[in-house]
1. If you check A37, A109, which single one turns out to be hydrophobic (A, V, I, L, M, F, W, C), in contact with a strand residue (DSSP E or B) (Cβ under 8 Å, 6 or more places away or on another chain) and without any contact (Cβ under 8 Å) to a residue 12 or more places away in the chain?
2. Please identify the pairs in which a residue from region 23-34 that is within 12 Å of L12 (Cα to Cα) has its Cβ atom under 8 Å from the Cβ atom of a residue that is surrounded by 11 or more Cβ atoms within 10 Å (Cβ to Cβ) and among the aliphatic types (A, V, I, L, M), counting only partners at least 6 apart or on another chain.
3. Please determine, by comparing only the residues of region 25-39 that are over 26 Å from D78 (Cβ atoms) and not small (G, A, S), which one is surrounded by the fewest Cβ atoms within 10 Å (Cβ to Cβ).
4. When you scan region 1-84 for strands (runs of 3 or more DSSP E) that lie fully inside it, which ones turn up with 3 or more residues that are farther than 21 Å from N99 by Cβ?
5. Name the single residue that is surrounded by the fewest Cβ atoms within 10 Å (Cβ to Cβ) among those in region 80-115 being over 10 Å from A61 (Cβ atoms) and basic (K, R).
6. Among the residues in region 8-29, are any closer than 22 Å to K144 by Cβ, out of contact with any Leu (no Cβ under 9 Å at 6 or more places or on another chain) and hydroxyl-bearing (S, T, Y)?
7. Which numbered condition in (1) touching a residue at least 24 places away in the same chain (Cβ under 8 Å); (2) in a helix (DSSP H, G or I); (3) more than 25 Å from A33 (Cα to Cα) is the only one that D101 fails?
8. Kindly indicate whether L12 is under 15 Å from Y69 (Cα atoms), modelled with pLDDT of 95 or more, out of contact with any Cys (no Cβ under 8 Å at 6 or more places or on another chain) and assigned by TED's automatic domain parsing to the domain that holds T87.
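The values are calculated or read from the model by the stated rules, or taken from the named source; none is laboratory data. As the structure is a computational prediction, the values presented were derived from the model and not from experiment. Quick reminder, even Gly has a Cβ in these numbers, built from the backbone with ideal geometry, and neighbours come from all protein chains shown.
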Amino acid sequence: MRVAYLSSRCVLDDAPGSREDRFEHDLQFEPMAQACARAGIELDPVAWDDPAVRPNDYDAAVVGTTWDYVERLDEFLDRLGQIDATTRLINPLGVMRWNADKGYLRELAGRGVPIVPTQWCERANAGAILHAAKELGVERVVVKPRVGACAWRQALV
């Protein structure tokens, strides 16, 4: 069995534009690849946006270290749709679409699931941050975009 481990190009090689923290990809990928190998599964790291990657060459695909999807969300979700139509996408496409935007947390909270205390706003300007701190009764606030991965565009204020 051969499985495509979808990643960002910027974590797969030393080319210009590679991320400084790409070693974290290796920390995540290597143990999985070894466990898969013991089970007779070849786990192949591939760039999710590489047009040369043909999903039908794989028995399945799994979303891995696709850290650049946040800057190209529509393209990423379209590509997952193409992969899902061609081979087994282990991460269900509907779930990937649903939780790509952190608005899903609001839905969960509405169903009674506890989430981190959150203030939703359109723009993280000084007024919104001060309002959130007051409403939450805190001195420090984490500001982050609704679509994000890792610590991309996050700030502790």
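1. Numbers: A109 fails: in contact with a strand residue (DSSP E or B) (Cβ under 8 Å, 6 or more places away or on another chain).
Answer to the check: A37.
2. From residues that are within 12 Å of L12 (Cα to Cα), the pairs are E24/V11; H25/V11; H25/L12; F29/L43.
3. Going residue by residue through region 25-39, those that are over 26 Å from D78 (Cβ atoms) are 26-27, 30-31, 33-39.
Keeping just the survivors that are not small (G, A, S) gives 26-27, 30-31, 34, 36, 38.
Numbers: D26: 14, L27: 11, E30: 11, P31: 10, Q34: 11, C36: 18, R38: 8.
Result: R38.
4. Answer list for region 1-84: 42-47.
5. R111
6. Just the residues of region 8-29 that are closer than 22 Å to K144 by Cβ, to begin with: 8, 10-11, 19-22, 24-25, 28.
Filter once more, so that each one left must be out of contact with any Leu (no Cβ under 9 Å at 6 or more places or on another chain): 8, 10-11, 19-21, 24, 28.
Okay, now just the ones that are also hydroxyl-bearing (S, T, Y), so 8.
Yes, because at least one residue in region 8-29 is closer than 22 Å to K144 by Cβ, out of contact with any Leu (no Cβ under 9 Å at 6 or more places or on another chain) and hydroxyl-bearing (S, T, Y).
7. Every listed condition holds for D101 apart from (2).
8. On the way: under 15 Å from Y69 (Cα atoms): yes; modelled with pLDDT of 95 or more: no; out of contact with any Cys (no Cβ under 8 Å at 6 or more places or on another chain): yes; assigned by TED's automatic domain parsing to the domain that holds T87: yes.
Judged against the criteria, L12 is not a match.
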